[in-house]
1. So for the chain: antiparallel DSSP bridges make up what percent, rounded to the nearest 5?
2. What order do you get for 187-199, 166-178 when each peptide is scored by the mean count of other beta carbon atoms within 10 Å, highest first?
3. Tell me what the chain gives for mean residue ellipticity at 222 nm when only DSSP H runs of n ≥ 4 count, each as -39,500 (n - 2.57), the sum divided by the residue total, rounded to 500 deg cm²/dmol.
4. Counting DSSP beta bridges in segment 68-165, what percent are antiparallel, to the nearest 5?
5. Just flag the GluC sites (Glu not before Pro) in segment 59-156 sitting in loop per DSSP whose Cβ has no more than 14 other Cβ atoms within 10 Å.
6. Which entries in K137/K189; K121/K162; K131/K162; K52/K162; K52/K181; K100/K162 show an alpha-carbon gap greater than 26 Å?
7. Starting from the Cα coordinates of segment 247-302, work out the convex hull volume and express it per residue in Å³.
8. Would you grab the residues whose amide H sits under 5 Å from the one on T259? Only those 5+ places off in sequence or on another chain, please, with H modelled 1.01 Å from N.
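Rule-based calculations on the coordinates, nothing more; no lab input. All values reported here derive from a predicted model rather than from experimental measurement. Using ideal geometry, Cβ is built from the backbone for each residue, glycine included, and neighbour counts are taken over all protein chains shown.
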Amino acid sequence: MISNEHSGHKKHANLSRPTLGNFGRNEWAIVGAPCVTIKLLAGQVIDALSAKYQCAYVDTTHNDEVVVLPGRLGNGAAIEYSDEINFICLNYKASFNSFKLKEAFSQADLILANGNHHQAKSQVVIINESKRASLQKRIAQLTDVQLILLAEGVSEIFDFVKEQVPGWDRLPVYRLDETAKIIAFFEAKMQERRPALNGLVLAGGKSERMGFDKGAVMWHGMEQRYYMAEMLKGFCRDVFISCRPDQQTGIDARYQRLTDTFFGLGPFGGILSAFRERPDNAWLVVACDLPLLSQKTLSHLVDNRSSSAIATTFQSPVDEFPEPLITIWEPKSYPVLLSFLAQGYSCPRKVLINSDTAVLTAPYPEELTNVNTPDEHEKVKNMLHSNVAAG
């Protein structure tokens, strides 16, 4: 048998993986205190931040005497879904591995875990004399301590924590009852971790209804795909032109290209291809066939961006549905898009309609006009000429 290592065979494709912990992107295990203290602290933070962020909590029940499974799980069901009117209850019989956990928590912005039972990528350490031995037992779990809290009656950090945590003396240290400071810490961390915004000009369509390449039309003295890319540069860290593989050589080398790796899916494939390249970034996606779009409309979209939603978009003035091709798609939309694709849907608008989407009223509705046919082309050309003459 030939070893894969020596044959040069790669077992996995070279994919960019999102930066996740055990549950999600932004997770902290609170460790070093009794479980009731951890639960109360987590509740205070979640209560303060849940209006702005989707928060989650991870714990383990202590009722070891319960051996009868709830509901129909006791009859052999693998899953039980129950609409409890004010909330949804979903019970699983099978245990969750790391992949299933990340899937379940994919929409959470902030995740707090009881560190006495669960590990997380980052940690909040409570210095509590009654839990000294317990914390020392878990010392190896302190891999990325970001906050230290002193319980009542404690004024010094344990020596074994200092030895384990490099740079401990540069970390914020608060008393456990300084709730406002603790909440401000998490608020600041969430602001720091807001996904960077990239731009994507969708220019990979075949323009079959138009009869010629819409991205090459000279609406504003330069090809529209480049005009849109230049406009996006004022709002985005990096800007890419989305294109088919056969279009690469036709794109000006001064612009970054992002070729489709999800073929035959139209704009849906372009969006997925962007996330495949940079899954931790948000994407301001704009179609190239929007000749009336201006910076003032894009500025309104970016200024009102909700990074807690899967996307921020405008309501179409034509049919009042979300407009998917002038949209900021957040990283958390990537698994959602893939799940729709797995169910046989490749319509980005359907994703927006059936997900947690922030929908804005367009301040200048006419700027959402797209051009797909020669008649629409002529109409918009006359509008632009009239605007220039009036200017």
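1. Among the beta bridges of the chain, antiparallel pairing accounts for roughly 25 percent.
2. Going from most to least packed, we get 187-199, 166-178.
3. -8500 deg cm²/dmol
4. 50 percent
5. E65, E84, E152, E156
6. Where the Cα-Cα span goes over 26 Å, the pairs concerned are K137/K189; K52/K162; K100/K162.
7. Taking only Cα atoms, segment 247-302 has a hull volume of 118 Å³ per residue.
8. Residues meeting the amide H criterion: C243.
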